[in-house]
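Q: Got a structure here, written out as structure tokens. Questions coming.
The values are calculated or read from the model by the stated rules, or taken from the named source; none is laboratory data. All values derive from a computational prediction rather than experimental measurement. Heads up, the Cβs are rebuilt from the backbone with ideal geometry, glycines too, and the neighbour counts pull from every protein chain shown.
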């Protein structure tokens, strides 16, 4: 399924234009300048794609490998937006699929960040090696996020700490998860704080797991295998809702204690209000 329909993409483009006007019109726009020249720091390489500026090709690498790669530079003070997906199999749930909602959040944040001349890095717990994007990488960013699979085994949040090692105070982490396995994620947020990285945790939930409509004898299938039979009535449902509420409150408390902002999002919610809130908070745009 495509991440966005045309109507949503149109609305996001309008938000991107607004972000671009903000960047070009103020001091932050100067700080995030796209110009390549003196005073810039080498960041990384990425493969050449049709339409890229040939002046940025690293011909030394071409001489060694026979392949075209672009040099990516970072303007001193340029913001690095670190997009991290918790690709846990528990996200494969809901009429409005949580995994689709999580990827839409990542894609929308990434598009706005690229329009604002930020440098974007994309990683997941299942694939912690980050992919880096600059202002010309929008189509590739959308494609990689759209094709991003859920992991089949455990994640490795600890291996993502390397994202924070370079110029942490110019970085912001956007972590998207359902937080059903919270401790590795909270530890990642603690690591970000220790490195001076601002962090925002976005928790995705589906209406069916917040307010299930089960009744009578039901079979509950565990993600890891196994099945439980349970008689469900209003008393059981009320106890379940209270437990879910308590757990969500404990996640919010743990995230805040780790020094991160915490946002809860229903998988059926539109993306644009979230993006506007992040822009107003100064995270984007």
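Q: Quick check on my filter: what residues within the stretch 227-239 are over 15 Å from residue 216 (Cα atoms) and either touching a strand residue (DSSP E or B) at 6+ places or on another chain (Cβ under 9 Å) or in contact (Cβ under 8 Å) with a residue 12 or more places away in the chain (or both)?
A: Within the stretch 227-239, the subset over 15 Å from residue 216 (Cα atoms) is 227, 239.
Across the stretch 227-239, the qualifying residue is only 227.
Q: Given (1) within 28 Å of residue 12 (Cα to Cα); (2) modelled with pLDDT of 85 or more, identify the lone condition not met by residue 159.
A: Condition (1) is where residue 159 drops out.
Q: Filter the stretch 133-149 down to the residues that are modelled with pLDDT of 90 or more and closer than 26 Å to residue 281 by Cα, then identify the one that is surrounded by the fewest Cβ atoms within 10 Å (Cβ to Cβ).
A: Top of the filtered list is 142.
Q: What about residue 114, is it touching a helix residue (DSSP H, G or I) at 6+ places or on another chain (Cβ under 7 Å), buried (at least 20 other Cβ atoms within 10 Å of the Cβ) and not in a strand (DSSP E or B)?
A: For residue 114, the condition - touching a helix residue (DSSP H, G or I) at 6+ places or on another chain (Cβ under 7 Å), buried (at least 20 other Cβ atoms within 10 Å of the Cβ) and not in a strand (DSSP E or B) - is met.
Q: Of all residues in the stretch 190-201, which are under 22 Å from residue 266 (Cβ atoms) and crowded, with 23+ Cβ neighbours inside 10 Å?
A: Here is the first cut: in the stretch 190-201, the ones under 22 Å from residue 266 (Cβ atoms) are 199-201.
Of everything in the stretch 190-201, those that are under 22 Å from residue 266 (Cβ atoms) and crowded, with 23+ Cβ neighbours inside 10 Å turn out to be 199, 201.
Q: Same structure, new question: Being at pLDDT below 95, in a strand (DSSP E or B) and at negative phi narrows it down to one of 241, 231, 235, so name that one.
A: Details: 241 fails: in a strand (DSSP E or B); 235 fails: in a strand (DSSP E or B).
Being at pLDDT below 95, in a strand (DSSP E or B) and at negative phi holds for just one of 241, 231, 235, which is 231.
Q: Okay, next question. If you scan the stretch 161-218, which residues turn out to be in contact with a helix residue (DSSP H, G or I) (Cβ under 7 Å, 6 or more places away or on another chain), under 15 Å from residue 120 (Cα atoms) and in a loop (DSSP other than H, G, I, E, B)?
A: Hit for the stretch 161-218 is 197, nothing else.
Q: Can you tell me which of 246, 256 is over 16 Å from the mean Cα position of the chain (by Cα), exposed (fewer than 13 other Cβ atoms within 10 Å of the Cβ) and assigned to a helix (DSSP H, G or I)? Working first, answer last.
A: Values: 256 fails: exposed (fewer than 13 other Cβ atoms within 10 Å of the Cβ).
Going through 246, 256 in turn, just one is over 16 Å from the mean Cα position of the chain (by Cα), exposed (fewer than 13 other Cβ atoms within 10 Å of the Cβ) and assigned to a helix (DSSP H, G or I): 246.
Q: Of all residues in the stretch 89-111, how many are farther than 29 Å from residue 170 by Cβ, buried (at least 22 other Cβ atoms within 10 Å of the Cβ) and modelled with pLDDT under 95? Full working, then the answer.
A: Step one: filter the stretch 89-111 for residues farther than 29 Å from residue 170 by Cβ, giving 89-100.
With buried (at least 22 other Cβ atoms within 10 Å of the Cβ) added as a condition, the list becomes 91, 98-99.
Subsequent filtering for residues that are modelled with pLDDT under 95 retains none.
Residues meeting the conditions: 0.
Q: Still on this model: Out of the stretch 63-81, which residues are surrounded by fewer than 16 Cβ atoms within 10 Å (Cβ to Cβ), at pLDDT below 75 and touching a strand residue (DSSP E or B) at 6+ places or on another chain (Cβ under 8 Å)?
A: Result: 76, single match.
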